[in-house]
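Data first, discussion second: the structure below is written as structure tokens.
The values are calculated or read from the model by the stated rules, or taken from the named source; none is laboratory data. Quick caveat, the model's predicted, so the values are computed rather than measured. Cβ placement follows ideal geometry from the backbone for every residue including glycine, while neighbour counts extend to all protein chains displayed.
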Amino acid sequence: MKILRRYFLKEFIKFLFIFLLAFTAISIVAEFFDKASEFYSHDTPVLIVVQYLLLQAPGVMLYALPFAILFSTLIIIGIASKWREIIIIKASGGSTKKLFTNLLLLGVGFTLLSLVLGETVVPDLTRKAVWIRRVKILKESPKIIYRKEALWLKGPDNSLIRIDSFIADENKVLKTSIFNFTDSFGLEKRIEADEAVWTNGAWELKNVKVFDFANNSTKKYKTLISTVIEEPRIFREEMKKPEEMNFAELYTYYKRLEKAGFKNLKYVVRLYEKLSYPAINFIMMLLGLSLALHSRWGGGIKAAGFGVVVSIIYWLLYSTAISLGNIGILPAWLAPWICPVIFGLTGGIMYWNIKD
């Protein structure tokens, strides 16, 4: 059995590498053609283009891993069934469940690896890729600087602006501070507002305090119009996206919004998704083994085609559940987990009923 286990494990790793390489190559080529106009119009050096595309690869591999696992499992067992190897193993008294136990353990390992990489390497590389595109390809200067629990940017009048959070759905910023300086860089005026809303091409500050240090006075306003803060588009483009943050960063950002009285369901769903998605690796391994050991279709193209069908069904249901969670029809904690649980239970029941 040890020899057979090593043999199937070696075949599995071989096909897994092939599928991951294929998925990644297709994605990178698609990304290249999608951004080709940017590369050409900005006369981007080849090395910068290659660096940008390679930084995308780990994230692609992480998302493609569950489906590469499914395809690889179906292929190796499908081929073994086609050549009657599974029948021979059973006829000699071998147990298919015990034979492929190492693949289930490998599925657990891939789940843990995916979780670790998704919280460490992938967000960092994604941020670097975004930075390279904006700074080295599009030749844009970063306008927002991130500091702990705040965003800092420079106004068109050389003022310094501190913003606690940006609510994209409402074009609103929270806890805004605007610092105006003299020509000798002395603090001349400070404006504090509880929030600001984008209205008619300008920001309407609310519950405002203006500290005028030049005249040694303080004034309060219910509302005040300001044009020194960049329009909302700059925040959407330059603020970190959920895929650029790990769980802790996203959780901290969400808590800041919640503390301010805003609950963004998309961020909550994304938080649970960061925990649920790695589990799909084990589920796809379990499902692949269950389907392959029950299937009489044979191997090769048929097994791969079956994997494509299962992947499409899973992805459609998963995407639908996430969308329903984002708009509040499904609970935020349930949306990312409903498909993994359903497919996991299905695979578990099928695996339990496999006859050795």
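Data table
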read-out	value
Single condition Trp198 does not satisfy, out of (1) in contact (Cβ under 8 Å) with a residue 40 or more places away in the chain; (2) touching a Pro at 6+ places or on another chain (Cβ under 7 Å)	(1)
Given (1) in contact with a helix residue (DSSP H, G or I) (Cβ under 8 Å, 6 or more places away or on another chain); (2) assigned to a helix (DSSP H, G or I), number of the condition Lys240 does not satisfy	(2)
Residue ID - surrounded by the fewest Cβ atoms within 10 Å (Cβ to Cβ), chosen from residues in the stretch 243-283 that are among the small types (Gly, Ala, Ser) and within 14 Å of the chain's Cα centre (by Cα)	Ala248
Filter pass, Asn207 being among the polar types (S, T, N, Q) and assigned to a loop (DSSP other than H, G, I, E, B)	no
Which listed residue is at pLDDT below 85 and either out of contact with any helix residue (DSSP H, G or I) (no Cβ under 6 Å at 6 or more places or on another chain) or farther than 30 Å from Ile322 by Cα (or both), from Leu257, Leu205	Leu257
Scan of the stretch 152-195 for residues that are surrounded by 16 or more Cβ atoms within 10 Å (Cβ to Cβ) and farther than 26 Å from Asn216 by Cβ, ordered by number	Leu153, Ile163, Asp164, Ser165, Phe166, Ile167, Asn171, Lys172, Val173, Leu174, Glu195
Criterion violated by Phe211 - all others in (1) touching a Lys or Arg at 6+ places or on another chain (Cβ under 7 Å); (2) under 20 Å from Ala168 (Cβ atoms); (3) among the hydrophobic types (A, V, I, L, M, F, W, C) satisfied	(2)
Single condition Phe179 does not satisfy, out of (1) touching a residue at least 24 places away in the same chain (Cβ under 8 Å); (2) of a type outside the set (A, V, I, L, M); (3) assigned to a strand (DSSP E or B); (4) out of contact with any Asp or Glu (no Cβ under 7 Å at 6 or more places or on another chain)	(1)
Condition check for Ile234: surrounded by fewer than 17 Cβ atoms within 10 Å (Cβ to Cβ), aliphatic (A, V, I, L, M), assigned to a helix (DSSP H, G or I) and at negative phi	yes
